[in-house]
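Shown next, in structure tokens, is the structure this report addresses.
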Amino acid sequence: MSGAGLPGAPTGDEKRVVLHVDVDCFYAACERRRDPALRGKPVVVGMGYEAGAAHGAVATASYEAREHGVESAQPISQALEALPRAATAPADHDGPVGHYRPVDMAYYREVSDEIRAILHGIADVVREVSIDEAYLDVTDRVGWHSVEILARSLKRRIDEEVGVTASVGVGPNMSVAKVASDHDKPDGLVVVPPGEVREFLAPLPIDELHGVGPVTARELRAAGIETAGDLASADRGALVSRFGARGGTIHDHARGRDSRPVEPVGKPKSLSSESAFTEATDAFDAVCERLLRLAEEVTERAAARDALYKTIGIKVVRPPFDVNTRERSLSGPVADPDLVESVVLDLAEEFEGETVRKLGVRVSNLTFGERTQAPLDAWEGDGSAGAGVDADDGPIDGDDGSGQSTRDDERFGRDRATRVPRGQTSIVDFT
Ligand code: TTP
Ligand code: MG
């Protein structure tokens, strides 16, 4: 690895395999999923374009709309100038038009939950940083020789099972993986093995680096620092005296170093396993069998965390995306695998004869016993973060947290951890 011999390089970094997943034009992709007529067309998601509404901002735009200069956080009036509304454009208008949709967070969260389930199924540790973005540590699952296959299969599953496209970057740490996933958007897949990190980063403009926002970039450029390579060879002391600790961080990132572990934060509010059938089935015995397997996984995981649960639930997805959840609350918290099995089968009864594509089992209303303090396997999120800035990026992106951003900072899965023992299933919270 090119950076390994440098003074201060974190030891063992080259052993990690980290994925960064970021859905392409997420809100617009969700709108397209429910209205396929929007495919291939300029789509703008935002507020304030209706007749009489003068203010508002673009949350996101499809890549077709971006070609006409429409982008996130732009005033809606500017977007409307570049792309008049298809719905109200005069019949003789022969220029490009945009399809405008309002923000529908509840729907985007549903889509996000489905992606999250897939992510937790393929990685031991997942850090969700926003509604459409997560880091995965897959070090224990694959080596560098096979990670591209894993990344491709992840992209394909998100595409086929959820109906949106994601870009994936792979690197030996979070910062490199993030730059890699941004590098070839949309539908990108960029793998940067440890030995190629410095070479990959060196020619990139500094604002493509993780942690360098427009304000910092402007200042660095004024000092003659244009590329990550320039930043990597800049004087560290000077960077620190100008930008404080963040100066050291961006210097590290320019050199491809980032020792932050991929770790979820907090304690779980629920534990779930999900599993999809290769082909939808109406065989009720297969459904029951699968539910029992999921119940076993969930109760094993609860036992490993010393967790008691008060609510037991199932999720039944009928093709293509008809999600049904049922749950039953007990009078007090228990840790009782047999009870979970019988409640799950009971709840499943009403779906006998239905065609089922995917199943889930969840225990929630958790309380934890004395033993449970393992930081990697415990998490708790309150679903919020500082406006416009991802929590993990906060300290380094601070000066660029855009006041104009309309980003909804609901976290992509309220922060949860997982270690998933078997391939297809995942630990998720499927509210
Ligand atoms: P991003 O991942 O930053 O953007 P994106 O998914 O739309 O596009 P891409 O990743 O392909 O570049 O943000 C995810 C969602 O967050 C986005 O779809 C809408 C929302 N968002 C805002 O509401 N305001 C903003 O300023 C930004 C940047 C995003
Ligand atoms: Mg995105």
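Can you confirm whether segment 93-106 contains a residue that is under 12 Å from the mean Cα position of the chain (by Cα), surrounded by 22 or more Cβ atoms within 10 Å (Cβ to Cβ) and not aromatic (F, W, Y)? Break it down into steps so the answer makes sense when it comes.
To start, the set of residues in segment 93-106 that are under 12 Å from the mean Cα position of the chain (by Cα) comprises none.
Checked against the condition, which is being under 12 Å from the mean Cα position of the chain (by Cα), surrounded by 22 or more Cβ atoms within 10 Å (Cβ to Cβ) and not aromatic (F, W, Y), segment 93-106 yields no hits at all.
Count of segment 123-149 residues, restricted to those that are touching a residue at least 40 places away in the same chain (Cβ under 8 Å) and either among the hydrophobic types (A, V, I, L, M, F, W, C) or within 18 Å of K185 (Cα to Cα) (or both), is 16. Among the residues of segment 127-145, is any within 14 Å of ligand 1 (Cβ to nearest atom) and either closer than 24 Å to D322 by Cβ or not assigned by TED's automatic domain parsing to the domain that holds D182 (or both)? Yes, segment 127-145 contains a residue that is within 14 Å of ligand 1 (Cβ to nearest atom) and either closer than 24 Å to D322 by Cβ or not assigned by TED's automatic domain parsing to the domain that holds D182 (or both).
Among the conditions (1) open to solvent by less than 30 Å² (accessible area, probe 1.4 Å); (2) outside the structural domain of G360 (by TED's automatic domain parsing); (3) in a helix (DSSP H, G or I), the only one that I225 does not satisfy is (3). Out of E349, E354, one residue alone is at pLDDT 95 or above, surrounded by fewer than 13 Cβ atoms within 10 Å (Cβ to Cβ) and outside any strand (DSSP E or B). It is E349. Of the candidates H120, H99, the single residue that is in contact with a strand residue (DSSP E or B) (Cβ under 7 Å, 6 or more places away or on another chain), of a type outside the set (V, I, T) and either under 27 Å from R152 (Cα atoms) or within 12 Å of ligand 1 (Cβ to nearest atom) (or both) is H120.
Residues checked against (1) in the same structural domain as E160 (by TED's automatic domain parsing); (2) under 29 Å from the mean Cα position of the chain (by Cα); (3) crowded, with 17+ Cβ neighbours inside 10 Å:
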{"site": "F321", "(1), (2), (3)": "no, yes, no"}
{"site": "R326", "(1), (2), (3)": "no, yes, yes"}
{"site": "L330", "(1), (2), (3)": "no, no, no"}
{"site": "V340", "(1), (2), (3)": "no, no, yes"}
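Based on what the data block shows, is E279 buried (at least 16 other Cβ atoms within 10 Å of the Cβ), among the charged types (D, E, K, R) and assigned by TED's automatic domain parsing to the domain that holds A348? No.
Could you say which residue among V70, V45 is within 27 Å of V179 (Cβ to Cβ), out of contact with any Cys (no Cβ under 7 Å at 6 or more places or on another chain), in a loop (DSSP other than H, G, I, E, B) and open to solvent by less than 60 Å² (accessible area, probe 1.4 Å)? Sole residue among the options that is within 27 Å of V179 (Cβ to Cβ), out of contact with any Cys (no Cβ under 7 Å at 6 or more places or on another chain), in a loop (DSSP other than H, G, I, E, B) and open to solvent by less than 60 Å² (accessible area, probe 1.4 Å): V70. If you go through segment 26-80 and keep only what is hydroxyl-bearing (S, T, Y) and away from ligand 1 (no atom under 13 Å from the Cβ), you end up with Y49, S77.
The values are calculated or read from the model by the stated rules, or taken from the named source; none is laboratory data. Bear in mind that the values here come from a model prediction, so they are computed numbers and not experimental data. Positions of Cβ are backbone-derived with ideal geometry, glycine not excepted, and every protein chain shown enters the neighbour counts. Heavy atoms of the whole protein, side chains included, go into the accessibility calculation; ligands, DNA and RNA do not. Shrake-Rupley method; radii C 1.70, N 1.55, O 1.52, S 1.80 Å.
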